[in-house]
Amino acid sequence: MATTSPVHSTGSPRRRSLRGRALFTGAVATVAAFAAVLVATPDANAASTLGAAAAQSGRYFGTAIAASRLGDGTYSSIAAREFNMITAENEMKPDATEPQRGQFNFSSGDQIYNWATQRGLKVRGHTLAWHAQQPSWWGGLSGSSLRQAMIDHINGVMAHYKGKLAAWDVVNEAFNEDGSRRGSNLQGTGNDWIEVAFRTARAADPSVKLCYNDYNIENWSYGKTQGVYNMIRDFKSRGVPIDCVGLQTHFTGGSSLPGNFQTTLQNFAALGVDVALTEVDVTNSSTSQYAGLTQACLNVPRCIGITVWGVRDSDSWRSSENPLLFDGGGNKKAAYTSVLNALNSAGPGPSSPAPSGSSGGPSPSTSVPTGNGNRLLGAQSGRCIDVPSASQNNGTRVQLYDCNGQTNQQWTLTSSRQLTVYGNRCLDAAGSGNGSAVQIYSCNGQANQQWNVNSNGTITGVQSGRCLDVWGTGNGQQVQIYDCNGQANQRFSLS
Ligand code: XIL
């Protein structure tokens with residue numbers, strides 16, 4: 001069982017807390033201002049659940065789920081109503097999934113997976129390699145035999161869930177508080193065990209995002225944060241496959257929201273990875289800390305979502321701290337409202353690329369069809385690029401949707417490289433950076449409305465040089481532009 005230590009200051013505690021308070025007060029004031037607006041003029045468009053509110057900016061809001069609680073109607077109905085990303089609290093960990101060597105057991109993990117996906121919720125995988133909750137038989141191994149057991153475990157579990165999950169926490173909690181590597185049995189197999197885990201994972205399922213996950217990495221000036229940051233930077237510089245960093249965000253057990261949390265998120269994201277808050281809980285559900293951590297994520301384009309570590313206080317691994325968004329009776333707490341209001345105040349769109357991979361140089365194709373009535377079919381999703389509700393309004397973001405042959409899914413490639421819909425609206429990039437929205441707009445001949453339909457299946461924006469990209473495969477997934485990476489979620493055929 002893991003324990004989360006309090007954040008110990010590496011600098012002057014007094015200075016840190018004053019700075020934290022100043023920044024933090026700003027965040028609270030901002031949220032309070034939005035809350036006031038919402039009260040004064042109720043926004044008909046404000047979402048009424050956490051998942052829907054997060055989705056307005058392309059993010060998710062998730063929870064950890066315990067398979068043993070799914071039979072509790074209050075629990076499961078809150079979970080299905082409020083959240084759109086699910087993490088198995090224990091059921092996909094190594095002790096659960098490979099209790100004996102080579103004998104995998106996915107019964108509890110699948111119970112959660114099936115429950116979630118039957119309700120249209122996505123699933124994060126947690127976790128493949130960790131010092132805790134290991135199968136007992138790992139205890140008898142060391143050196144190359146333990147290394148091989150880890151590799152076999154990753155391959156076995158990832159094969160089972162191949163193509164099904166939004167992300168995997170490949171490695172969990174591998175650092176000490178001072179930023180050095182934790183002296184676990186896995187570390188004992190050699191310092192390269194983490195990159196071996198990530199390389200193994202990428203080969204096992206190239207479609208899933210691969211995350212490093214840890215606690216007490218929320219404070220930018222903390223040793224452990226720096227240790228993890230340096231590893232991610234090193235991985236990115238050497239091409240070790242990694243897509244995301246999960247900050248557990250346990251503001252329990254003596255920890256609390258640091259004033260520089262957003263800086264930490266920004267700095268990780270600047271390395272070229274997504275960031276996510278993966279196991280949020282807050283002592284006594286401080287509304288200001290919940291609002292502040294939510295706002296910090298919303299302020300960072302590559303912060304793709306937030307997961308709380310349980311549904312009701314009574315479900316929490318730290319239930320004595322009442323750290324969640326629903327009380328033991330399933331009632332919404334004040335912290336729930338503070339999070340919902342913050343989410344409802346967000347503007348559109350985080351950026352979120354597919355897993356990094358090879359980026360072959362595409363060339364414009366000479367054989368794509370032109371003329372009326374072509375659909376833009378996503379290779380990974382099997383779904384079509386669609387204008388929601390057949391809207392003709394400028395600025396309507398396009399999405400994936402089941403192909404239906406309607407006019408809002410019919411795209412025409414013109415000789416001037418426009419992709420038109422309804423005759424007079426063009427596929428238009430709202431910006432040129434990673435994560436920029438792709439929308440419809442009155443055709444104007446500008447470069448942000450010109451597209452190369454390439455022989456390798458990608459469609460690149462003439463202005464940005466970036467690829468049409470989609471983060472997931474489901475109905476409603478929004479289309480964006482992102483650095484071309486050769487993955488299937490960036491391939492669309494005009495046919
Ligand atoms: C916890 C679970 O919530 C408990 O039910 C279990 O007994 C121990 O593990 N960091 C992690 C999570 O990555 O997997 C841990 O979950 C909490 C700390």
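The values are calculated or read from the model by the stated rules, or taken from the named source; none is laboratory data. Keep in mind the model is a prediction, meaning the values are calculated, not measured. Counting neighbours? That spans all protein chains shown, and the Cβs are built from the backbone with ideal geometry, glycine included. We work out accessible area using only protein heavy atoms, side chains counted, and drop any ligands, DNA or RNA first. Shrake-Rupley method; radii C 1.70, N 1.55, O 1.52, S 1.80 Å.
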Starting at the first residue of the stretch 62-76, write each ³J(HN,Hα) from the Karplus equation 6.51 cos²θ - 1.76 cosθ + 1.60 with θ = phi - 60°, in whole Hz, x for Gly and Pro. x, 9, 7, 10, 9, 4, 5, 9, 4, x, 7, x, 5, 4, 6
With Cα atoms, 0 to 90° folded angle of helix 13-40 axis to the chain main axis: 50
Can you report the principal axis dimensions of the stretch 123-177 using only the alpha carbons, biggest first, rounded to whole angstrom? 32, 29, 17
Answer check: the chain, Cα atoms, Kirkwood Rh, Rg/Rh ratio of 0.97
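Please give the direction-averaged projected area of the C-alpha convex hull for the stretch 179-273, in square nanometres with one decimal. Spell out each step's value before the answer.
Numbers: hull surface 26.4 nm².
Computed as one quarter of the Cα hull surface, the answer is 6.6 nm².
How do Cys303, Cys403 rank by accessible surface area computed with a 1.4 Å probe, from largest to smallest?
Working: Cys303 0, Cys403 50 Å².
Correct descending sequence by accessible area is Cys403, Cys303.
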Once amide hydrogens are built 1.01 Å from N within the peptide plane, the residues lying 5 or more places from Ile65 or on another chain with amide H under 5 Å from its amide H are Thr87, Ala88, Glu89
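If you average 1/r over all unlike Cα pairs in the stretch 232-349 and invert the result, what Kirkwood radius do you get in angstrom?
On the way: mean 1/r = 0.0678 Å⁻¹.
It is 14.8 Å.
Please compute the alpha carbon radius of gyration of the stretch 201-254, then divide it by the globular-protein estimate 2.2 N^0.38 Å. Two decimals is fine.
Working: Rg = 12.8 Å, N = 54, 2.2 N^0.38 = 10.0 Å.
Ratio of Rg to 2.2 N^0.38 Å for the stretch 201-254: 1.28.
Only Cα pairs under 8 Å and at least 6 apart count here; give the relative contact order of the chain as a rounded whole percent.
Values: 1134 pairs, mean separation 64.7, N = 495.
Reported relative contact order: 13 percent.
Kirkwood hydrodynamic radius of the stretch 61-201 from all distinct Cα pairs, in Å?
It works out to 15.7 Å.
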Show me the chymotrypsin sites (Phe, Trp or Tyr not before Pro) within the stretch 73-171 that DSSP assigns to loop and that have at most 12 other Cβ atoms within 10 Å of their Cβ. none
D_trans [Stokes-Einstein, Kirkwood Rh over alpha-carbon pairs] for the stretch 268-335, 10 °C, 1.306 mPa s, µm² s⁻¹: 127
Long-range amide H partners of Trp220, meaning residues 5 or more apart or on another chain whose placed amide H is closer than 5 Å, are Asn260, Thr264
